[in-house]
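The values are calculated or read from the model by the stated rules, or taken from the named source; none is laboratory data. Just so it is clear, the model here is predicted, and its values are computed rather than measured. A quick note on method: Cβ atoms are made from the backbone with ideal geometry, for glycine too, and the neighbour counts reach across all protein chains shown. Calculation scope for accessible area: heavy atoms of the full protein, side chains included, ligands and nucleic acids excluded. Shrake-Rupley method; radii C 1.70, N 1.55, O 1.52, S 1.80 Å.
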Amino acid sequence: MNVVVLSGGVGGARLVRGLVDVVGARETTVVGNVGDDVEILGLHVSPDLDSIVYALAGVADEERGWGRAEETWKALETVATVGGEAWFRLGDRDLGLHLVRTEALRSGEPLSAVTARVARALGVESTVLPATDDRLRTWLDTPGGSFPFQEWFVARGHRDEVDGVRFEGADAAEPAPGVLDGLGRADVIVVAPSNPYVSVGPILAVAELRSALANRRVPAVAVSPLIGGRAVKGPADRMLIRLAGGTTPAHVASCYAGLIDALVLDRADADALDGLDVRPIVTDTLMRDADARRRLAEAALDAAAVAR
Ligand code: GDP
Ligand code: CA
């Protein structure tokens, strides 16, 4: 069975690990968000792709929730000491990857190629693809002004309420090599429990990718990032209230209108199914450990099996 999963960073990577456990690494293709990508200290950082690769390589820091395990921060200390930009936290181990990626991109290698190379070198057997090799950047319109993603999320701690999300470069962005093929070969398409607006949104902003999903011949199932109407972490709930009008499963599904056949949602949201126009699949969705990740992945695949 071939599974394609659309994923942001940390939340998405949790389900991706579960899917890999259930269907196998080679059978899993991840299409990752690049709207969070940022040039910092002269380096091209792809936080969501890296979260997926680190998770699948088994080198992610599970306690901190992002970045690499056994990380040290010496380089960033020097950056701060000499007055450089130190607000975006880059660990020493992490930096090594950004150096290699930046050099590769500068020499003309596409992001998809360098991502594949890095994943392979770290022992990842799944296919990890950026949604696009083209420049696509997420911007947030807030009452305090418009900010590039990382300035809003990290520097300002996503405290500004969001009135609109824009994807600079999306109009011209083509799916990266392998994305449409992967979707064409998929038996099931899964939308990870990632932030619908700033993690999955930038993936769906690539027009040809979105229409491939809209015209799919196989089931597509999304997993809700909310439990009891609250995000497990991050601003997804606040964004849904302001941009979709609420945090019920119907509000989550409205972000994927025409693109999914079923929504996996938590038991804590099972009494709020009014207006939901896709098949609801109710289960425990908190991925606290490997067992829970695996069970949720199985529930998503079972949901897909009966969805169409
Ligand atoms: P980021 O790119 O690193 O911010 O990560 P994602 O967008 O992929 O994931 C963030 C989302 O994952 C948040 O909205 C969380 O609510 C959601 N999330 C994180 N852990 C879990 C979990 O265990 N279960 C569910 N259902 N959602 C989760
Ligand atoms: Ca992200």
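Take Gly58 and tell me if it is within 18 Å of Ser7 (Cα to Cα) and surrounded by fewer than 19 Cβ atoms within 10 Å (Cβ to Cβ).
Details: within 18 Å of Ser7 (Cα to Cα): yes; surrounded by fewer than 19 Cβ atoms within 10 Å (Cβ to Cβ): yes.
In short, yes.
With the checklist (1) part of a loop (DSSP other than H, G, I, E, B); (2) of a type in the set (A, V, I, L, M, F, W, C); (3) open to solvent by less than 50 Å² (accessible area, probe 1.4 Å) in hand, flag the one item Ile281 doesn't pass.
Here Ile281 meets the rest and fails (1).
For the stretch 1-43, list the strands (runs of 3 or more DSSP E) that sit wholly inside it and hold at least 2 residues that are polar (S, T, N, Q) and open to solvent by less than 30 Å² (accessible area, probe 1.4 Å); which are they? So that I can check it myself, show each step before the final result.
Details: elements: 3-7, 28-32, 38-40.
Of the strands (runs of 3 or more DSSP E) lying wholly inside the stretch 1-43, those with at least 2 residues that are polar (S, T, N, Q) and open to solvent by less than 30 Å² (accessible area, probe 1.4 Å) span 28-32.
Quick grid of which residues meet (1) open to solvent by less than 40 Å² (accessible area, probe 1.4 Å); (2) within 16 Å of ligand 1 (Cβ to nearest atom); (3) modelled with pLDDT under 95:
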residue: Ile52; (1), (2), (3): yes, yes, no
residue: Trp73; (1), (2), (3): no, no, no
residue: Thr81; (1), (2), (3): no, no, no
residue: Leu95; (1), (2), (3): yes, no, no
residue: Pro110; (1), (2), (3): no, no, no
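Being of a type outside the set (Lys, Arg), open to solvent by 60 Å² or more (accessible area, probe 1.4 Å) and within 16 Å of ligand 2 (Cβ to nearest atom): is that true of Trp87 here?
Numbers: of a type outside the set (Lys, Arg): yes; open to solvent by 60 Å² or more (accessible area, probe 1.4 Å): yes; within 16 Å of ligand 2 (Cβ to nearest atom): no.
So Trp87 does not fit the description; no.
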